[in-house]
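Presented below is the structure to which this report refers.
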Amino acid sequence: YYALRYGHIVQALLPLGTLGVDTFARFGWKREHLFPFMYNPETPKQIIDDPPRKKEGPLRLLYLGRFARSTKGIDVLMDAIDKINGDNWCLDLVGGYGEYKDETIEWAKKHPRVSFIGTWPSSEVCHRIGRYDICVVPSRFDGWNVVINEAICAGVGVIATDASVSDELVKASGAGMVVPADDVNALRDAIQLVVNDPSVATAWKDKARAYSPRITSESVGNYLIDVLEYTFLDPTRQRPKCPWLMDSL
(Lines give C-alpha, C1' and ligand atoms only; values in the text may rest on other atoms or scores of the structure.)
Protein backbone atom coordinates (compact mmCIF):
# COMPACT_ATOMS: atom_id res chain seq x y z
CA TYR A 1 0.00 0.00 0.00
CA TYR A 2 2.69 2.50 0.99
CA ALA A 3 4.88 1.57 -1.97
CA LEU A 4 2.00 2.20 -4.36
CA ARG A 5 0.92 5.40 -2.66
CA TYR A 6 4.26 7.02 -1.91
CA GLY A 7 6.84 5.16 -3.98
CA HIS A 8 6.79 7.74 -6.77
CA ILE A 9 7.74 10.61 -4.45
CA VAL A 10 10.16 8.91 -2.04
CA GLN A 11 13.71 9.33 -3.32
CA ALA A 12 15.57 7.61 -0.52
CA LEU A 13 14.47 5.04 2.02
CA LEU A 14 16.78 3.65 4.72
CA PRO A 15 15.57 0.25 5.97
CA LEU A 16 17.40 -1.59 8.72
CA GLY A 17 20.06 -3.82 7.22
CA THR A 18 20.15 -5.84 4.03
CA LEU A 19 17.15 -7.78 5.31
CA GLY A 20 15.18 -4.54 5.43
CA VAL A 21 16.31 -3.61 1.91
CA ASP A 22 15.25 -7.00 0.54
CA THR A 23 11.92 -6.84 2.37
CA PHE A 24 11.03 -3.36 1.12
CA ALA A 25 12.07 -4.31 -2.43
CA ARG A 26 9.83 -7.36 -2.27
CA PHE A 27 6.90 -5.08 -1.42
CA GLY A 28 7.44 -2.92 -4.47
CA TRP A 29 9.88 -0.19 -3.45
CA LYS A 30 12.50 0.59 -6.08
CA ARG A 31 15.78 -0.98 -5.06
CA GLU A 32 17.77 1.98 -6.37
CA HIS A 33 16.03 4.13 -3.73
CA LEU A 34 16.87 1.77 -0.86
CA PHE A 35 19.98 2.22 1.28
CA PRO A 36 20.74 -0.14 4.18
CA PHE A 37 20.98 1.57 7.55
CA MET A 38 21.35 0.63 11.23
CA TYR A 39 20.73 1.64 14.80
CA ASN A 40 24.04 3.17 15.83
CA PRO A 41 24.89 3.58 19.51
CA GLU A 42 27.49 6.19 20.35
CA THR A 43 30.77 4.42 21.03
CA PRO A 44 33.65 6.27 22.69
CA LYS A 45 36.69 6.19 20.42
CA GLN A 46 38.94 5.07 23.24
CA ILE A 47 37.05 1.76 23.33
CA ILE A 48 38.39 0.95 19.88
CA ASP A 49 41.86 2.28 20.71
CA ASP A 50 42.18 0.36 23.99
CA PRO A 51 44.71 -2.50 23.90
CA PRO A 52 43.19 -6.01 23.92
CA ARG A 53 42.59 -7.43 27.38
CA LYS A 54 44.60 -10.46 28.44
CA LYS A 55 42.70 -13.71 28.86
CA GLU A 56 42.52 -14.92 32.46
CA GLY A 57 40.36 -17.57 34.10
CA PRO A 58 37.36 -19.32 32.53
CA LEU A 59 35.76 -18.36 29.24
CA ARG A 60 33.36 -15.51 30.02
CA LEU A 61 30.04 -15.46 28.17
CA LEU A 62 27.61 -12.55 28.28
CA TYR A 63 23.92 -12.09 27.56
CA LEU A 64 22.80 -8.46 27.61
CA GLY A 65 19.23 -7.33 27.08
CA ARG A 66 15.61 -8.02 27.78
CA PHE A 67 14.61 -11.30 29.41
CA ALA A 68 12.01 -12.11 26.77
CA ARG A 69 11.12 -15.23 24.84
CA SER A 70 9.07 -14.02 21.87
CA THR A 71 11.68 -11.52 20.65
CA LYS A 72 14.98 -12.10 22.46
CA GLY A 73 14.92 -15.91 22.69
CA ILE A 74 16.16 -16.01 26.26
CA ASP A 75 14.58 -19.44 26.73
CA VAL A 76 16.57 -20.76 23.75
CA LEU A 77 19.75 -19.54 25.43
CA MET A 78 18.76 -21.17 28.70
CA ASP A 79 18.06 -24.52 27.03
CA ALA A 80 21.33 -24.34 25.09
CA ILE A 81 23.37 -23.48 28.19
CA ASP A 82 21.84 -26.43 30.05
CA LYS A 83 23.41 -28.70 27.40
CA ILE A 84 26.95 -27.28 27.53
CA ASN A 85 29.67 -29.70 28.64
CA GLY A 86 32.77 -28.72 30.60
CA ASP A 87 33.33 -26.39 33.51
CA ASN A 88 35.88 -23.85 32.24
CA TRP A 89 33.24 -21.22 31.43
CA CYS A 90 30.68 -18.93 33.02
CA LEU A 91 27.71 -16.87 31.80
CA ASP A 92 26.61 -13.49 33.12
CA LEU A 93 23.08 -12.24 32.48
CA VAL A 94 22.63 -8.46 32.35
CA GLY A 95 19.13 -7.00 32.19
CA GLY A 96 16.49 -7.82 34.74
CA TYR A 97 13.39 -6.77 32.79
CA GLY A 98 11.05 -8.47 30.32
CA GLU A 99 8.12 -10.87 30.55
CA TYR A 100 10.38 -13.85 31.30
CA LYS A 101 12.36 -12.05 33.98
CA ASP A 102 11.36 -14.11 37.00
CA GLU A 103 11.89 -17.46 35.29
CA THR A 104 15.30 -16.37 33.97
CA ILE A 105 16.55 -15.13 37.32
CA GLU A 106 15.36 -18.28 39.10
CA TRP A 107 17.12 -20.43 36.50
CA ALA A 108 20.34 -18.44 36.99
CA LYS A 109 20.19 -18.96 40.75
CA LYS A 110 20.10 -22.74 40.27
CA HIS A 111 22.81 -23.00 37.61
CA PRO A 112 26.34 -23.29 39.03
CA ARG A 113 28.00 -21.35 36.20
CA VAL A 114 25.36 -18.70 35.50
CA SER A 115 25.01 -15.38 37.34
CA PHE A 116 22.40 -12.65 37.15
CA ILE A 117 24.25 -9.38 37.75
CA GLY A 118 21.50 -6.81 37.27
CA THR A 119 21.54 -3.83 34.92
CA TRP A 120 24.31 -1.62 33.54
CA PRO A 121 24.25 2.14 32.88
CA SER A 122 23.98 2.60 29.11
CA SER A 123 27.05 4.84 29.13
CA GLU A 124 29.21 1.98 30.46
CA VAL A 125 27.94 -0.88 28.28
CA CYS A 126 30.81 -0.94 25.77
CA HIS A 127 33.48 -0.66 28.47
CA ARG A 128 31.96 -3.53 30.45
CA ILE A 129 31.38 -5.80 27.45
CA GLY A 130 35.12 -5.60 26.85
CA ARG A 131 35.68 -7.71 29.98
CA TYR A 132 34.08 -10.74 28.29
CA ASP A 133 35.15 -13.27 25.69
CA ILE A 134 31.87 -13.89 23.85
CA CYS A 135 28.54 -12.08 23.64
CA VAL A 136 25.51 -14.28 22.87
CA VAL A 137 22.50 -12.84 21.01
CA PRO A 138 19.78 -15.55 20.70
CA SER A 139 17.07 -13.36 19.08
CA ARG A 140 13.86 -14.85 17.74
CA PHE A 141 12.75 -11.52 16.22
CA ASP A 142 14.45 -8.13 16.16
CA GLY A 143 14.42 -4.90 14.20
CA TRP A 144 18.17 -4.39 14.75
CA ASN A 145 19.81 -5.84 17.85
CA VAL A 146 22.23 -3.11 18.88
CA VAL A 147 24.12 -5.34 21.33
CA ILE A 148 26.06 -6.72 18.35
CA ASN A 149 27.26 -3.20 17.52
CA GLU A 150 28.33 -2.66 21.11
CA ALA A 151 30.12 -6.00 21.39
CA ILE A 152 32.10 -5.59 18.18
CA CYS A 153 33.04 -2.01 19.09
CA ALA A 154 34.27 -3.38 22.43
CA GLY A 155 36.42 -5.91 20.57
CA VAL A 156 34.34 -8.96 21.52
CA GLY A 157 33.08 -11.69 19.21
CA VAL A 158 29.39 -12.55 18.96
CA ILE A 159 27.33 -15.70 18.59
CA ALA A 160 24.05 -14.44 17.11
CA THR A 161 20.98 -15.78 15.35
CA ASP A 162 19.90 -14.92 11.83
CA ALA A 163 16.83 -13.16 13.27
CA SER A 164 18.80 -10.40 14.99
CA VAL A 165 19.12 -8.46 11.66
CA SER A 166 22.40 -6.95 12.88
CA ASP A 167 23.88 -10.43 12.42
CA GLU A 168 25.09 -9.00 9.10
CA LEU A 169 27.85 -7.33 11.14
CA VAL A 170 29.00 -10.73 12.38
CA LYS A 171 28.98 -12.13 8.85
CA ALA A 172 30.81 -9.14 7.37
CA SER A 173 33.46 -9.00 10.10
CA GLY A 174 33.96 -12.71 10.71
CA ALA A 175 33.93 -11.82 14.41
CA GLY A 176 31.70 -14.64 15.52
CA MET A 177 29.15 -17.10 14.28
CA VAL A 178 25.54 -16.86 13.06
CA VAL A 179 23.11 -19.71 13.79
CA PRO A 180 19.45 -20.27 12.87
CA ALA A 181 16.93 -18.62 15.18
CA ASP A 182 14.98 -20.81 17.59
CA ASP A 183 17.46 -23.68 17.19
CA VAL A 184 18.66 -24.80 20.61
CA ASN A 185 21.11 -27.37 19.30
CA ALA A 186 22.72 -24.98 16.81
CA LEU A 187 23.23 -22.40 19.55
CA ARG A 188 24.56 -25.07 21.91
CA ASP A 189 27.03 -26.31 19.28
CA ALA A 190 28.32 -22.78 18.62
CA ILE A 191 28.88 -22.10 22.31
CA GLN A 192 30.41 -25.54 22.85
CA LEU A 193 32.85 -24.90 20.00
CA VAL A 194 34.32 -21.93 21.84
CA VAL A 195 34.23 -23.64 25.24
CA ASN A 196 36.24 -26.50 23.75
CA ASP A 197 38.70 -24.16 22.02
CA PRO A 198 38.95 -20.67 23.60
CA SER A 199 41.43 -19.63 20.90
CA VAL A 200 38.38 -19.24 18.66
CA ALA A 201 37.21 -16.41 20.89
CA THR A 202 40.63 -14.78 20.66
CA ALA A 203 40.54 -14.91 16.86
CA TRP A 204 37.06 -13.40 16.85
CA LYS A 205 38.27 -10.57 19.10
CA ASP A 206 41.02 -9.73 16.64
CA LYS A 207 38.50 -9.59 13.80
CA ALA A 208 36.10 -7.46 15.84
CA ARG A 209 38.79 -4.88 16.58
CA ALA A 210 39.86 -4.76 12.93
CA TYR A 211 36.26 -4.27 11.78
CA SER A 212 35.01 -1.90 14.48
CA PRO A 213 35.99 1.38 12.72
CA ARG A 214 33.37 0.57 10.09
CA ILE A 215 30.52 0.95 12.58
CA THR A 216 31.55 4.01 14.55
CA SER A 217 29.13 6.93 14.69
CA GLU A 218 31.50 8.90 12.47
CA SER A 219 31.54 6.19 9.81
CA VAL A 220 27.76 5.73 9.83
CA GLY A 221 27.19 9.49 9.89
CA ASN A 222 29.45 10.05 6.88
CA TYR A 223 27.56 7.33 5.03
CA LEU A 224 24.26 9.11 5.75
CA ILE A 225 25.71 12.37 4.45
CA ASP A 226 26.84 10.59 1.28
CA VAL A 227 23.35 9.12 0.78
CA LEU A 228 21.70 12.53 1.14
CA GLU A 229 24.18 14.26 -1.16
CA TYR A 230 23.89 11.50 -3.75
CA THR A 231 20.09 11.57 -3.64
CA PHE A 232 19.41 15.30 -3.54
CA LEU A 233 22.52 17.05 -4.85
CA ASP A 234 24.40 14.91 -7.36
CA PRO A 235 22.85 11.60 -8.47
CA THR A 236 25.55 11.27 -11.16
CA ARG A 237 28.22 10.54 -8.55
CA GLN A 238 29.04 6.98 -7.49
CA ARG A 239 26.36 5.36 -5.38
CA PRO A 240 27.38 5.46 -1.70
CA LYS A 241 28.86 2.25 -0.35
CA CYS A 242 27.63 0.97 2.99
CA PRO A 243 30.74 1.00 5.21
CA TRP A 244 29.84 -1.99 7.37
CA LEU A 245 29.23 -4.35 4.45
CA MET A 246 32.20 -5.91 2.72
CA ASP A 247 30.25 -6.28 -0.51
CA SER A 248 28.05 -3.19 -0.41
CA LEU A 249 24.69 -3.01 -2.17
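The values are calculated or read from the model by the stated rules, or taken from the named source; none is laboratory data. Remember, predicted model here, so these are calculated numbers, not experimental data. Please note: Cβ atoms are built from the backbone with ideal geometry, for glycine as well, and neighbour counts cover all protein chains shown. Areas reflect the complete protein model, heavy atoms only, side chains present, ligands, DNA and RNA absent. Shrake-Rupley method; radii C 1.70, N 1.55, O 1.52, S 1.80 Å.
Summary table
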read-out	value
Relative contact order [Cα under 8 Å, 6+ residues apart], the stretch 152-249, whole percent	30
Area accessible to solvent at K30, 1.4 Å probe radius, in Å²	110
Area accessible to solvent at M246, 1.4 Å probe radius, in Å²	100
Accessible surface ranking that places the most exposed of K101, K110 first, with a 1.4 angstrom probe	K110, K101
Point-to-point label distance, V10-N85, nm (Cα→Cβ direction, 7 Å offset)	5.0
Cβ crowding within 10 Å averaged over residues, with 200-211, 143-154, 227-238 ranked highest first	143-154, 200-211, 227-238
For the stretch 75-125 and the stretch 175-249, distance of Cα centres in Å	26
Relative contact order [Cα under 8 Å, 6+ residues apart], the chain, whole percent	19
Alpha-carbon Rg with Dmax, taken over the chain, Å	19.1, 62
Projected label distance in nm at D22 and A203, using a 7 Å step from Cα toward the beta-carbon	2.6
Ranked order, D189, D75 - accessible area, probe 1.4 Å, largest first	D189, D75
R26, R5, ranked by accessible area, largest first (probe 1.4 Å)	R26, R5
Cα gyration tensor, the stretch 135-209 - rounded (a/c under 1.5), prolate or oblate	oblate
